[in-house]
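Engineer: So that we are looking at the same thing, I have put the structure below in structure tokens.
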Amino acid sequence: QLQASGGGLVQAGGSLRLSCAASGSIFSIDVMGWYRQAPGKQRELVATITVDDRANYADAVRGRGTISRNNAKMTVNLQMNSLKPEDTAVYYCNAVSFGATHNYWGQGTQVTVSS
């Protein structure tokens with residue numbers, strides 16, 4: 001129900017744009033966001049955005065990432081600039097319904113930043 005795309009291999013200092021689309025039988029979404037999980041580490045927040053466009057960023061990406069969404073299309077994007085090797089991870093799209101009654105995850109997309 002969440003399909004993520006846009007990952008890949010990029011050199012340090014480069015940029016990537018991740019996209020995620022929600023489809024199918026899905027409850028009304030309040031918060032959409034991106035999380036990431038590096039090898040041997042726990043999944044961590046990258047950025048979230050509410051239905052009224054209030055964005056929240058992890059310290060590690062603040063100033064380098066921009067999250068945006070289209071409520072009509074149920075899509076969320078993450079533009080990442082000035083990428084660093086430590087940004088290497090599997091990035092997961094997430095959507096939470098109003099009242100947090102449903103929590104949806106995408107399949108993950110690999111981002112690899114080479115030094």
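Engineer: Quick check: residue separation of residue 73 and residue 43 times 0.36 nm, minus the Cα distance between them. What number comes out in nm?
Structural biologist: Gain on stretching residue 73 to residue 43: 8.2 nm.
Engineer: Using only Cα positions of the chain, each an equal point scatterer, no hydration layer, compute I(q)/I(0) via Debye at q = 0.10, 0.16 Å⁻¹ and quote the log10 values to two decimals.
Structural biologist: -0.26, -0.66
Engineer: Which of 40, 13, 99 moves the most in a Gaussian network model of the chain with Cα springs under 10 Å?
Structural biologist: In this elastic network of the chain, the residue with the biggest mean-square fluctuation among 40, 13, 99 is 40.
Engineer: Using a Gaussian network model of the chain whose springs link C-alpha atoms within less than 10 Å, name the residue from 67, 26, 49 with the highest mean-square fluctuation.
Structural biologist: It is 26.
Engineer: With θ taken as phi - 60° and the coefficients 6.51, -1.76 and 1.60, list the Karplus ³J(HN,Hα) couplings across region 93-104 in order, rounded to whole Hz; mark glycine and proline as x.
Structural biologist: Here the 3J(HN,Hα) series is 7, 9, 9, 10, 6, 4, x, 6, 7, 9, 10, 10 Hz.
Engineer: How charged is the neighbourhood of residue 53? Take every other residue with its Cβ under 15 Å from the Cβ of residue 53, and add Lys/Arg as +1 and Asp/Glu as -1.
Structural biologist: Net charge in that neighbourhood comes out at +1.
Engineer: Pick from 42, 79, 11: which is most flexible by mean-square fluctuation in a GNM of the chain where alpha carbon atoms under 10 Å apart are linked?
Structural biologist: In the Gaussian network model the winner is 42.
Any read-out appearing in this document is the output of simple, stated calculations on the displayed coordinates, not a laboratory observation. Please read all numbers here as calculations on a predicted model, not as lab measurements. We place every Cβ from the backbone using ideal geometry, glycine too, and count neighbours over all the protein chains shown.
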